[in-house]
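Encoded as structure tokens, the structure appears first; notes follow it.
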Amino acid sequence: MTPSDIARVQTYLRRLLGSERISLVAPARKGMSVEVMVQDEVIGTVHRDDEEGEVSYAVHITVLEEDLPAPPAAGAAPRRK
């Protein structure tokens with residue numbers, strides 16, 4: 001992805017998700033993935049796809065089990081918002 005692509009996708013994600021804490025970081029080496037960060041934590045990657053002249057960007061978010069809250073106790077009803 002070009003620096004312009006990165007800046008445009010970052011602006012879009014910030015507006016869409018309502019957070020200025022989101023940033024896209026260019027890879028240190030050519031051919032590596034652009035990283036999606038929230039403050040100091042890498043949460044995923046962005047990939048550019050150009051198929052038959054139509055460009056799209058895929059955002060892949062990874063959630064580690066160790067980062068999740070503890071599961072609810074057995075038999076506890078899930079909370080609704």
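Laboratory data are not the source of any read-out in this text; all were calculated from the coordinates shown. Quick caveat: nothing in here was measured; it's all calculated off a predicted structure. When we count neighbours, we look across all protein chains shown, and the Cβ atoms used for this are built from the backbone with ideal geometry, even at glycine.
In the condition set (1) assigned to a strand (DSSP E or B); (2) out of contact with any helix residue (DSSP H, G or I) (no Cβ under 7 Å at 6 or more places or on another chain), Met32 is compliant with all but (1).
One line per residue, one yes/no per condition, for (1) part of a loop (DSSP other than H, G, I, E, B); (2) more than 11 Å from the chain's Cα centre (by Cα):
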position	(1), (2)
Asp5	no, yes
Leu13	no, no
Ser19	yes, yes
Pro27	yes, yes
Val55	no, yes
Val63	yes, no
Ala70	yes, yes
Ala73	yes, yes
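The set of residues in the stretch 34-48 that are surrounded by fewer than 14 Cβ atoms within 10 Å (Cβ to Cβ) and closer than 12 Å to Met1 by Cα contains only His47. Scanning the stretch 49-72 for residues that are hydroxyl-bearing (Ser, Thr, Tyr) and surrounded by 10 or more Cβ atoms within 10 Å (Cβ to Cβ), we see that the one that is farthest from Val36 (Cα to Cα) is Tyr57.
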